[in-house]
1. Once R0 is set to 22 Å, what does the formula 1/(1 + (r/R0)^6) return for the Cβ-Cβ distance between residue 76 and residue 146, expressed as a FRET efficiency to the nearest 0.05?
2. Over region 4-148, calculate the relative contact order: mean separation of alpha carbon pairs under 8 Å at least 6 apart, over the residue count, as a percent.
3. For residue 43 and residue 67, calculate 0.36 nm times their separation in residues minus their Cα-Cα distance, and state this gained length in nm to one decimal.
4. At 0.36 nm per residue, and after removing the present C-alpha to C-alpha distance, how many nm does the segment from residue 88 to residue 26 gain when stretched out fully?
5. Here are labelled values, [x] 19.5; [y] 15.9; [z] 15.4, and one is the computed Kirkwood radius over Cα pairs in Å for what I pasted. Which one?
6. For residue 99 and residue 114, calculate 0.36 nm times their separation in residues minus their Cα-Cα distance, and state this gained length in nm to one decimal.
7. Please figure out what share of the DSSP beta bridges in region 12-160 is antiparallel and state it in percent, rounded to the nearest 5.
8. Which FRET efficiency value, to the nearest 0.05, is calculated for residue 134 and residue 13 with the Förster distance at 30 angstrom and r the Cβ-Cβ distance?
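We did not get these values from a lab; they are worked out from the coordinates using the rules stated. Here the structure is a predicted model, which means the values were calculated and not measured. A quick note on method: Cβ atoms are made from the backbone with ideal geometry, for glycine too, and the neighbour counts reach across all protein chains shown.
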């Protein structure tokens, strides 16, 4: 798999992410946003980030741009916690190979309209599903599977990144 660098995102994004996570903890959802918490590769402590979950053929997926810290942590851990409002679920995360990402990425501009701007800023993509599919080498995609376990968040320290 071709490695890509950490994307250059706007400075205001960190503040916006903190706001989305605070609202989510209060039980208020923002658009398609969920909060994904994944144990750190070195510390094992949970790190949280807002993500949008896509549903394609009844299966859930998370797509992003570039080699972010949460992507590296997801690869190492293979699991995480996902929350939306007050509902929390432990999930298994399986990264798709590049050749399987196109179908999922085509759905991104249809299902996550507000997220298209980040793909535009980092990759220069238009709001065209075929452009998103062509960006598969730069866009990690994870299949989200229910793990069958009840999430116990209170026992682990959670860090926001």
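1. 0.60
2. Values: 267 pairs, mean separation 38.5, N = 145.
Value for region 4-148: 27 percent.
3. Taking 0.36 nm per residue and subtracting the Cα distance, the gain is 6.8 nm.
4. 21.0 nm
5. Read-out taken from this structure: [y].
6. On the way: separation 15, 0.36 × 15 = 5.40 nm, distance 2.53 nm.
Length gained between residue 99 and residue 114: 2.9 nm.
7. For region 12-160, the DSSP antiparallel bridge percentage is about 90.
8. The formula returns an efficiency of 0.80 here.
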